[in-house]
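Below is one structure, written out as C-alpha cells, with a few remarks after it.
The values are calculated or read from the model by the stated rules, or taken from the named source; none is laboratory data. The shown structure was predicted, so the numbers you read here are calculated from the model rather than taken from an experiment. Cβ coordinates were reconstructed from backbone atoms using ideal geometry, including for glycine residues, and neighbour counts include every protein chain displayed. Each accessible area value is taken on the protein alone, full model and side chains, heavy atoms only, with ligands, DNA and RNA left out. Shrake-Rupley method; radii C 1.70, N 1.55, O 1.52, S 1.80 Å.
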Amino acid sequence: MTATIGRRERKKAQTRQALADAAIKLFTERGYDNVGVREVAEAADVSLSTLFKHFPRKESLVFDLDADIEADLVAAVRDRPAGQSVIHGLRDYLMRTRTARNDDPGIVAFHQLVDSTPALREYAHQMLLRHESALAAAIAEATGVPEGDLAAAGLAHFALETAKVASTRQDPASAFRELFDLLENGWGR
C-alpha cells in the first residue's frame with residue numbers, strides 16, 4: 001500500500017512540476033498576458049481540470065513554491081543565529097531572497113517576467129502577505145509574547161510590506177536596511 005501512495009504522490013509532484021515548467025517557459029517566451037491556461041495544460045500534456053487541481057489561478061502557475069516560502073519565513077525567525085534579533089533575522093532573509101539576482105538566465109527571465117507583469121507583481125505581494133499569520137505566530141513564540149500579540153502581528157505585517165517598498169527603489173538592499181532600521185528604531189530618532 002505504501003508503494004502505491006508513494007507512486008501516486010510522486011506522479012502528482014511530477015505533474016505539478018511539468019505544469020510549472022511549461023508555464024514559465026511559455027510565459028517567458030511569449031509574455032504572461034499572451035498565453036492562456038489551456039495552452040499551458042496542453043504543453044504539459046494534461047487536461048485543463050488537472051491544471052486547476054494543482055493551480056487554482058493562472059498567477060499561481062508562476063509561484064509554485066508558495067508553501068516553501070512560508071516555511072522559510074518562519075525558519076528565518078526560529079532558526080536565526082544565536083544572539084541575532086528577530087528583526088535582523090527577518091531583514092537578512094528578506095534582503096537575501098528579495099534582492100538576490102542571479103546569473104542564471106532562467107532566474108533572470110523569471111524576475112523580468114514578474115517585474116514586467118502587474119498581475120504577477122501584485123500576486124507575489126499578496127502571496128507574501130498570506131504568510132503573515134504564520135510569521136506573527138513564529139515572532140510571538142521567539143519573543144515569548146502570547147500568540148496574537150499586537151507587536152508581533154505588526155512586525156510580521158510591516159516586515160513583509162518592506163519587500164514591496166524596497167522593490168521599487170534603485171538600490172533595494174539599501175532600502176531594506178533603511179526600512180528595517182526604521183522598524184527597529186522608530187520615527188523619533
message: How big is the dipole moment of the chain about its Cα centre under a simple scheme where the beta carbon of each Lys and Arg is +1, that of each Asp and Glu is -1, and everything else is neutral? Debye, nearest 20, please.
response: 460 debye
- line: Compactness summary of the stretch 50-128: radius of gyration and Dmax from Cα atoms, Å, are 14.7, 47
task: Express in Å², to the nearest 10, the accessible area of TYR32 obtained by rolling a 1.4 Å probe over the protein heavy atoms while all chains stay in place.
output: 10 Å²
query: If you work out Rg/Rh (Cα atoms, Kirkwood Rh) from the coordinates, which of [x] 1.22; [y] 1.03; [z] 0.94 do you get?
result: [y]
task: Go through VAL40, THR117, GLN84 and say which Cα lies farthest out towards the positive end of the charge dipole of the chain; charges sit on Cβ, +1 for Lys and Arg, -1 for Asp and Glu.
output: VAL40
- prompt: For the chain, which DSSP H helices look membrane-span-like by this rule: Cα extent along the axis of 24 Å or more and mean Kyte-Doolittle of at least -1.0?
  reply: 2-30, 150-167
- prompt: How many lysine pairs does the chain hold where the Cα atoms are under 21 Å apart and the two sit 8 or more places apart or on different chains?
  reply: 7
- request: Summarise the accessible area of the chain (1.4 Å probe, protein heavy atoms) by the percent that is carbon and sulfur.
  value: 53 percent
query: Ranked highest first by average number of other Cβ atoms within 10 Å, how do 53-61, 170-178, 16-24 line up?
result: 16-24, 53-61, 170-178
Taking the stretch 48-175 and dividing mean pair separation by its residue count, relative contact order in percent (alpha carbons under 8 Å, at least six apart): 25 percent
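Counting pairs of alpha carbon atoms under 8 Å apart in space and at least six apart in sequence, what relative contact order in percent does the stretch 119-162 give?
Working: 32 pairs, mean separation 17.4, N = 44.
Once divided by the residue count of the stretch 119-162, the mean separation gives 39 percent.
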- prompt: Net charge near ALA152, counting Lys/Arg +1 and Asp/Glu -1 over other residues with Cβ under 14 Å of its Cβ?
  reply: -3
message: When a/c reaches 1.5 or more, the comparison of a/b and b/c decides; with that in mind, is the stretch 28-83 rounded, prolate or oblate per its Cα gyration tensor?
response: prolate
message: At 1.4 Å probe radius, can you tell me the per residue accessible area of the chain in Å²?
response: 59 Å²
- prompt: Given +1 on the Cβ of Lys and Arg, -1 on the Cβ of Asp and Glu, and no further charges, what dipole in debye does the stretch 134-189 carry about its Cα centre, rounded to the nearest 20?
  reply: 220 debye
